[in-house]
Amino acid sequence: LLPEVRHVAVSAADFTIGLTLDEAMLPNVLLALRLNGQSLPQEHGGPCRLMAEGKECFYSIKWVDHIQVMASRPVDTARQIALSRIGKA
């Protein structure tokens, strides 16, 4: 990584969350690829799902299709999209 990298954006289509590099490196944040020794099934977010224990539920992004490291905080769309889906935005 370049020295100026401070953030990670994890996305599935237009659904993006931002983590600091330090948050992304915590043991409670992981990319799940397997479940019970098998490839992660699509209904559980496969082939790749972000799991962030202790974070709000929308941080657990199913069907991750893009991960980007960057110097500045990414535009975080996850909260607003999640709230709009439950009618609270």
> Roughly how many percent of the accessible protein surface of region 1-57 is carbon and sulfur, given a 1.4 Å probe and a whole-percent answer?
Replying inline: 58
> Can you tell me the accessible area per residue over the chain, all protein chains present, probe 1.4 angstrom, in square angstrom?
Replying inline: 67
> Which residues' amide hydrogens lie under 5 Å from the amide hydrogen of LEU40, considering only partners 5 or more residues apart or on another chain, with H built in the peptide plane?
Replying inline: ARG34, LEU35
> In the chain, which GluC sites (Glu not before Pro) fall in coil by DSSP and have 11 or fewer other Cβ atoms within 10 Å?
Replying inline: GLU4, GLU53, GLU56
>> Using a Gaussian network model on the chain with a 10 Å cutoff between Cα atoms, which of VAL75, VAL29, VAL64 fluctuates the most?
In response: VAL75
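The values are calculated or read from the model by the stated rules, or taken from the named source; none is laboratory data. What you see is a predicted model, and the numbers here were worked out from it, not measured in a lab. A quick note on method: Cβ atoms are made from the backbone with ideal geometry, for glycine too, and the neighbour counts reach across all protein chains shown. For accessibility, only protein heavy atoms count, side chains too; no ligands or nucleic acids. Shrake-Rupley method; radii C 1.70, N 1.55, O 1.52, S 1.80 Å.
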